[in-house]
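Single-structure report; data block below.
What follows draws every value from the coordinates through simple rules; no lab data is involved. Computed from a predicted model, the values in this text were never measured in an experiment. No Cβ is skipped: glycine too gets one built from the backbone with ideal geometry, and neighbour counts run over all protein chains shown.
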Amino acid sequence: MTEQPAVPQSRPAATASSPWSTATTVADFRRNLAAVRARIDAAAVAAGRDPEQVRLLPVSKTVPEERLRAAAAAGITQMGENKVQEAKRKASNLADLGIHWALIGHLQTNKAKDVAAFAHEFQALDSLRVAEALDRRLQAAGRGLDVYVQVNSSGEASKFGLEPEAVAPFLAALPVYSALRVRGLMTLAAHTEDTARVRECFALMRALRDAGLQAGTVGDGQLSMGMSGDFELAVAEGSTCVRVGQAIFGARPAPAARA
Ligand SMILES: *Cc1c(COP(=O)(O)O)cnc(C)c1O
């Protein structure tokens, strides 16, 4: 179950530094999806968890719309995007596909209106100003929105999210924004080959989630964590939503596209 998908030698984007081949056809997407899903399931079983408790959110950022149509034809029904403009364009041009759009990147208050209009889910809430702006737009539109609070679990200065100490008071302040349905917490782990360090980030998230469940402030306590390079570790530490881009769609061209 853990073996890698067979990758034809002629595929362009697979290199030593990027093991992920570009998926273009429906068959490519079916194969990559099945391989990722099998790895998630194996990691869950190894951790004594029910694989059905782990949702796979494919991350489609930077991938052109024609390829997203192939991905949808292969059975992908939800997509994660980290930039509002790109997500908005895709949601509009691919409206016929009925995709569930998850915004997973940092948001500025002046984009709240757009997000309130098209997104089904927002996984990067990290300020009360954004919460307030989103709530106001959502109330006006008569909509609700699932939200995850983003936590900087690694301490890396380049990452968005709340400091761990700030999570409890932040969660306690959210109920006033009644259009926001708090679902749980989200993080990006430390960017390192050191798996012990990565696991620490995920374990910290689980502890913050458990504290939130005790306080009754974190909704149903979902944990969005794990990406192409570390989702098995995240599942081992209790992830309920892995956000996987490159292992499904193929390597992204440049580090400029990183979160
Ligand atoms: C890009 C991105 C991912 C997916 O990363 P991959 O390496 O493509 O799996 C997950 N979460 C966030 C917030 C991202 O921006």
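General observations
- Derived scalar couplings between HN and Hα for the stretch 212-222 equal x, 5, 4, 7, x, 10, 10, x, 8, x, 6 Hz in order, rounded to whole Hz, by the Karplus curve 6.51 cos²θ - 1.76 cosθ + 1.60 (θ = phi - 60°), x for Gly and Pro.
- Area projected by the alpha carbon convex hull of the chain, averaged over all directions, nm²: 13.4 nm²
- Using a cutoff of 8 angstrom between alpha carbon atoms and counting only pairs six or more residues apart, the relative contact order for the chain works out to 21 percent.
- If you model the stretch 24-165 as an ellipsoid using its alpha carbon gyration tensor, with each semi-axis the square root of five times an eigenvalue, the axes come out at 27, 22, 13 Å, biggest first.
- With only Cα atoms counted, the stretch 105-165 has Rg and Dmax values of 12.0, 37 Å.
- The spacing between the stretch 177-249 and the stretch 50-65, judged by their C-alpha centroids, is 14 Å.
- Residues residue 157 and residue 38, FRET efficiency given R0 of 35 Å [Cβ-Cβ distance, rounded to 0.05]: 0.45
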